[in-house]
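Enquirer: First the structure, which I've put down as structure tokens, then a few questions once you've had a look.
The values are calculated or read from the model by the stated rules, or taken from the named source; none is laboratory data. Just so it is clear, the structure is predicted and the values come from calculations on it, not from any experiment. Cβ placement follows ideal geometry from the backbone for every residue including glycine, while neighbour counts extend to all protein chains displayed.
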């Protein structure tokens, strides 16, 4: 793909719009996907491969999660809850544990407590959980969370199938079974949906369960089913993280509405989401990964605003999103799916020659993220004053020809690729 983009820049017949877009993509810190985002992109902005961990990868991921949880009460709670799962598994391996290891692990949690903790952790923020995987001997190349966490899986199955258990306990068990199905590689989306629907039937007023089912619907491209779950979830959230959860549901609702082509409704929801998540107390409560999700939502908002003629607002949001994206740690940036950014970049390349675009310096031909435009002709772009001065003998004649052009005539020159 990089060769294709470079070819656009090397082709003297390429329009300025095409050159701008190619330059923006080549300057991206993450590689370009094979094609533009399709009409049924995933609701989640987390790359799917990041939910699988095994062996040394599991330990590295756990360390990363501890760092991500700093400053986030919700993420810290998830890590504390999920910590019961590996303890349960250790005590059920059948191996003799040394006294020092037993002292470090503490007492074994009961099956009911471990299932309740795992369910709560998954529903609060599944990306902060660290599922253990094991190869499935019956299917080469497949990995199973049921085999990787056999004690948790057996406990969840027992509780879910025991009608004498309380509805809340059985709902937790079905939520855990749903999560285990999503962790398998390949995941079993149909079974995950069935188990989570059983949990909702047992505990209908839990907003977290509905929000998670909406994500599963969206992963399958069924955004029309995600929308009612998200709307209902916003009414049901309660507890210490309710405001943050309502904001995230608003963002997911906006993304789902956009996928359904309901642009005006999506714009309203995404505006509220971006405003709440980028300023005020919520901004300080989010992890870097969660901030990355809001930036993706803002890029989607840019495209929607541009399509509805809100040009100035779209430009402001694009600049703000780029600035916030550049502040993300690289390790977090690599774990976010940025495919929605392409729509925003396409719009920017088509509608602005300077706003946020990574232009090519006329002097040294290198890309520049903060282009400086010649004030006389308002067409030539440079990376620095030094490049502009050194290029002046070459640019002088062209500058004199273009300095009296109207705005429309200048745009025609840009589109033709002559500037």
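Enquirer: Go through region 131-141 residue by residue and tally those that are surrounded by fewer than 22 Cβ atoms within 10 Å (Cβ to Cβ) and assigned to a loop (DSSP other than H, G, I, E, B).
Expert: Going through region 131-141 one residue at a time, the tally reaches 6.
Enquirer: Return only the number of the condition from (1) touching a helix residue (DSSP H, G or I) at 6+ places or on another chain (Cβ under 6 Å); (2) over 19 Å from residue 204 (Cα atoms) that residue 172 does not satisfy.
Expert: Failed condition: (2).
Enquirer: Continuing with the same structure: Checking the conditions here, which among 192, 155 is more than 16 Å from residue 129 (Cα to Cα), assigned by TED's automatic domain parsing to the domain that holds residue 112, out of contact with any strand residue (DSSP E or B) (no Cβ under 7 Å at 6 or more places or on another chain) and touching a residue at least 60 places away in the same chain (Cβ under 8 Å)?
Expert: Being more than 16 Å from residue 129 (Cα to Cα), assigned by TED's automatic domain parsing to the domain that holds residue 112, out of contact with any strand residue (DSSP E or B) (no Cβ under 7 Å at 6 or more places or on another chain) and touching a residue at least 60 places away in the same chain (Cβ under 8 Å) holds for just one of 192, 155, which is 155.
Enquirer: Tell me which residues, restricted to region 377-406, are more than 14 Å from residue 365 (Cα to Cα) and in a loop (DSSP other than H, G, I, E, B).
Expert: The answer is 377, 378, 379, 403, 404, 405, 406.
Residues are listed down the side, and each one gets a yes or a no for (1) touching a strand residue (DSSP E or B) at 6+ places or on another chain (Cβ under 9 Å); (2) over 30 Å from residue 237 (Cα atoms):
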| residue | (1), (2) |
| --- | --- |
| 91 | no, yes |
| 98 | no, yes |
| 102 | no, yes |
| 105 | no, yes |
| 110 | no, no |
| 115 | no, no |
| 121 | no, no |
| 124 | no, no |
| 132 | yes, no |
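Residue by residue, here is whether (1) surrounded by fewer than 24 Cβ atoms within 10 Å (Cβ to Cβ); (2) at pLDDT below 90 holds:
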| residue | (1), (2) |
| --- | --- |
| 243 | yes, no |
| 254 | no, no |
| 265 | yes, no |
| 272 | yes, no |
| 287 | yes, yes |
| 306 | yes, yes |
| 313 | yes, no |
| 339 | yes, yes |
| 343 | yes, yes |
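Enquirer: Have a look at 197, 164 and point out the one that is over 22 Å from residue 85 (Cα atoms), modelled with pLDDT of 95 or more and in a helix (DSSP H, G or I). Break it down into steps so the answer makes sense when it comes.
Expert: Values: 164 fails: in a helix (DSSP H, G or I).
Testing whether each residue is over 22 Å from residue 85 (Cα atoms), modelled with pLDDT of 95 or more and in a helix (DSSP H, G or I) leaves just 197.
Enquirer: Would you call residue 331 more than 19 Å from residue 255 (Cα to Cα) and either at pLDDT below 90 or over 21 Å from the mean Cα position of the chain (by Cα) (or both)? So that I can check it myself, show each step before the final result.
Expert: On the way: more than 19 Å from residue 255 (Cα to Cα): yes; either at pLDDT below 90 or over 21 Å from the mean Cα position of the chain (by Cα) (or both): yes.
Yes, satisfied.
Enquirer: Of all the residues that make up region 379-419, how many are at pLDDT 75 or above, under 29 Å from residue 320 (Cα atoms) and surrounded by fewer than 18 Cβ atoms within 10 Å (Cβ to Cβ)?
Expert: From region 379-419, those at pLDDT 75 or above are 379-406, 409; that's our starting set.
Then drop every residue that is not under 29 Å from residue 320 (Cα atoms), which leaves 379-388.
Checking which are surrounded by fewer than 18 Cβ atoms within 10 Å (Cβ to Cβ) leaves us with 384-386.
Matching residues across region 379-419 total 3.
Enquirer: Also: If you scan region 72-100, which residues turn out to be in a helix (DSSP H, G or I) and surrounded by fewer than 11 Cβ atoms within 10 Å (Cβ to Cβ)?
Expert: 99, 100
Enquirer: Out of the residues in region 137-152 meeting the condition of being in contact (Cβ under 8 Å) with a residue 40 or more places away in the chain and touching a strand residue (DSSP E or B) at 6+ places or on another chain (Cβ under 7 Å), tell me which one is farthest from residue 97 (Cα to Cα).
Expert: Top of the filtered list is 142.
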